Amino acid sequence: MLKKFLPNEHVKSVFDINPEVLKSKGIKGIITDLDNTLVAWDVKDATPEVIEWFKQMKENDIKVTIISNNKQERVKVFSEPLETPFVFSARKPLSKAFKSVAKQMGMKKEEIVVIGDQLLTDVLGGNFAGFYTILVVPIVQTDGKITKINRKIERRILHYMRKKGKITWEE
Ligand SMILES: [Mg+2]
């Protein structure tokens, strides 16, 4: 069970995820989290860096969909200017949103990576649904209310896995 909390890969930031590398691995699509993955949870709009990242993905024919547990207003205001599909109130880690998005993207599981900053929602959900998962370091160390509780559990899992030698990345 604990294995399901382990990402396939761990990077510092989404900006370390390069479209050419993805393409060389046969990846055609990205399902990404929003809060603390693309921007800080309390930042409303995409930053120039995020806009550039989406542009690069588009130029490389990599489709991006945002899946967030956050409310419609938040996810819509952020995603629409980027002209990217989005799902709000996704109820991660449940598989439903992940699976229906993969279907909409018209891709196989093997062609999609799931990116996010939380083990309990993004990584667990992505793993459950059978995708390749990439964990990023949260953009800021503060969180919304629900996430604060998740982080406590997450720290325990990380501590345990580090002790067991299952995690090799640095904090
Ligand atoms: Mg997040």
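Derivation of every value follows stated rules applied to the coordinates shown; laboratory data play no part. Quantities reported herein were computed from a predicted structural model and do not represent experimental measurements. As a convention, Cβ positions derive from the backbone with ideal geometry for all residues, glycine included, and neighbour counts pool all protein chains shown.
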Self-check item: Expected 222 nm ellipticity per residue - DSSP helices of 4 or more, -39500 (n - 2.57), all of the chain, to 500
Solution: -10500 deg cm²/dmol
Self-check item: Alpha carbon convex hull of the chain, projected area averaged over orientations, nm²
Solution: 9.1 nm²
Quiz item: When only Cα pairs under 8 Å and 6 or more residues apart are kept, what is the percent relative contact order across segment 33-171?
Solution: 22 percent
Quiz item: Between rounded, prolate and oblate, where does segment 108-171 land on the alpha carbon gyration tensor, with a ≥ b ≥ c its root eigenvalues, rounded for a/c under 1.5, else prolate if a/b exceeds b/c?
Solution: oblate
Exercise. Using the Cα centre as the reference, give the magnitude of the dipole from point charges on the C-beta atoms of segment 2-163 (Lys, Arg: +1; Asp, Glu: -1; all else neutral), rounded to the nearest 20 debye.
Key: 960 debye
Self-check item: Residues whose placed amide H lies under 5 Å from that of Ile66, excluding near-sequence neighbours
Solution: Thr32, Phe86, Val87
Quiz prompt | Charge dipole (debye, nearest 20) of segment 78-171; +1 at Cβ of Lys and Arg, -1 at Cβ of Asp and Glu | solution = 660 debye
Quiz item: What order do you get for 109-116, 120-127, 144-151 when each peptide is scored by the mean count of other beta carbon atoms within 10 Å, highest first?
Solution: 120-127, 109-116, 144-151
Exercise. Determine Rg/Rh for segment 21-81; Rg is computed over alpha-carbon atoms and Rh is the Kirkwood hydrodynamic estimate from the same atoms.
Key: 0.98
